[in-house]
């Protein structure tokens, strides 16, 4: 390890400057480190170097711009520059679902090792943050040492990320836990180096869990599998509540008071989407099968199936509420992002439902506070409106599909004057049905009478 910065702290590189990498780079610079972001996308590097964020995350654009202006944060496409600069290299490339099967595609991780390792001619630490199938880290560690001129002086650690979109800055600078996966037999200074990187969060009280590489890899996918299971559990209860005439929101409130269960993630509705939970639980199942432990995760198939059924059920519920056939019906869909406070539309339940309605012949108009540009590019056959009022004007049915605060705070009486038919499907169970019915709306929601 070199002396790093003038104050003795290590210099950091962040390889892969998408959502995770750009966030990590800006936050580490905010914590006082000199940071070099690395990405093979020339246009992305140009945008980030100018302090422009190519996606939406609350507060991050301002943080990025400030850190670029401070000089602590730079970006490059050069692996040679990164190898010369960095003492700690964070690898933050994506691991999407592999085409044609459930497994994770780790080709971008392999490419990082191939391009970076031959340039590592001095002691350093490579830190994986990407979500990967268990066993990837050890394979990557062996490959690094085979290819790097510095050999065994190149240590590998795994430090999984736990970012929640919409809360990514806080989750980076004040994480609820830090997991440090270390290889047995490595130089003990590896842990010291990582603790030096996270001095601020540790001093502020973030707990540290030190473990082996395989456990660190499993932590992220196990956490996501548990959260997905909790969401699908309450959505399974919503199916039962509909059959029995019960109210899933009161059910969730009652069982959520049990501290062993808790209330968080017990929100019945349209289900989960995004770039993590769906692909992570599928990759988890695939890897368990490869390890001969597939039976351990068979329950995740039903978790996935329940989640997908919610989308079909929302369409059915809307069809029951419409006072006319689907062809020619005007539907306003409020929400395009997979969750509020994000412009991420990957596996968006809102857009999936909008697309299904469009295929049934409806004229579907979508509005979202932040995700409109992404939605237009990916779903060009849908119509889009720049305001809530324009989306709802003349609608025969309104579908609330993403629980943005501005949707939750809508005035039902005012909105009723804009639509053709005051019919609403609250696919997120986030509105007060009494208030909306009092304003003349026919209100329906998943798992409620």
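The values are calculated or read from the model by the stated rules, or taken from the named source; none is laboratory data. It should be emphasised that the depicted structure is a prediction, and the values quoted were computed from it without experimental measurement. In this analysis, Cβ positions are derived from the backbone assuming ideal geometry, glycine residues included, and neighbour counts consider all displayed protein chains.
For this structure, a couple of remarks:
- Flag for residue 254 being surrounded by fewer than 16 Cβ atoms within 10 Å (Cβ to Cβ), part of a helix (DSSP H, G or I) and either over 22 Å from the mean Cα position of the chain (by Cα) or at pLDDT 95 or above (or both): yes
- Selection of the range 405-423 for residues being in contact (Cβ under 8 Å) with a residue 40 or more places away in the chain and either outside any loop (DSSP other than H, G, I, E, B) or in contact with a strand residue (DSSP E or B) (Cβ under 6 Å, 6 or more places away or on another chain) (or both) yields 405, 407, 423.
- Looking across 395, 413, 445, one residue alone is touching a helix residue (DSSP H, G or I) at 6+ places or on another chain (Cβ under 9 Å) and crowded, with 19+ Cβ neighbours inside 10 Å. It is 445.
- Condition check for residue 387: farther than 21 Å from residue 340 by Cβ, surrounded by fewer than 20 Cβ atoms within 10 Å (Cβ to Cβ) and out of contact with any helix residue (DSSP H, G or I) (no Cβ under 7 Å at 6 or more places or on another chain): no
- Strands (runs of 3 or more DSSP E) completely within the range 59-172 that count 3 or more residues being crowded, with 21+ Cβ neighbours inside 10 Å: 88-91, 124-128, 154-158
- Subset of the range 354-368 [surrounded by fewer than 21 Cβ atoms within 10 Å (Cβ to Cβ) and touching a residue at least 24 places away in the same chain (Cβ under 8 Å)]: 355, 356, 358, 360, 361, 363
- Residue that is touching a helix residue (DSSP H, G or I) at 6+ places or on another chain (Cβ under 9 Å) and either outside the structural domain of residue 33 (by TED's automatic domain parsing) or touching a residue at least 60 places away in the same chain (Cβ under 8 Å) (or both), where the choices are 127, 179, 106: 127
- Residue 56 meets all of the listed conditions (1) out of contact with any helix residue (DSSP H, G or I) (no Cβ under 6 Å at 6 or more places or on another chain); (2) without any contact (Cβ under 8 Å) to a residue 40 or more places away in the chain; (3) part of a loop (DSSP other than H, G, I, E, B) but one, namely (2).
- Residues that are part of a helix (DSSP H, G or I) and either crowded, with 18+ Cβ neighbours inside 10 Å or in contact (Cβ under 8 Å) with a residue 40 or more places away in the chain (or both), drawn from the range 28-46: 28, 29, 30, 44, 45
- For the range 213-227, the criterion of being surrounded by 15 or more Cβ atoms within 10 Å (Cβ to Cβ), free of Cβ contacts under 8 Å to residues at least 40 places away in the same chain and in contact with a strand residue (DSSP E or B) (Cβ under 9 Å, 6 or more places away or on another chain) is met by at least one residue.
- Looking across 332, 336, one residue alone is in contact (Cβ under 8 Å) with a residue 60 or more places away in the chain, crowded, with 24+ Cβ neighbours inside 10 Å, in a loop (DSSP other than H, G, I, E, B) and in contact with a strand residue (DSSP E or B) (Cβ under 7 Å, 6 or more places away or on another chain). It is 336.
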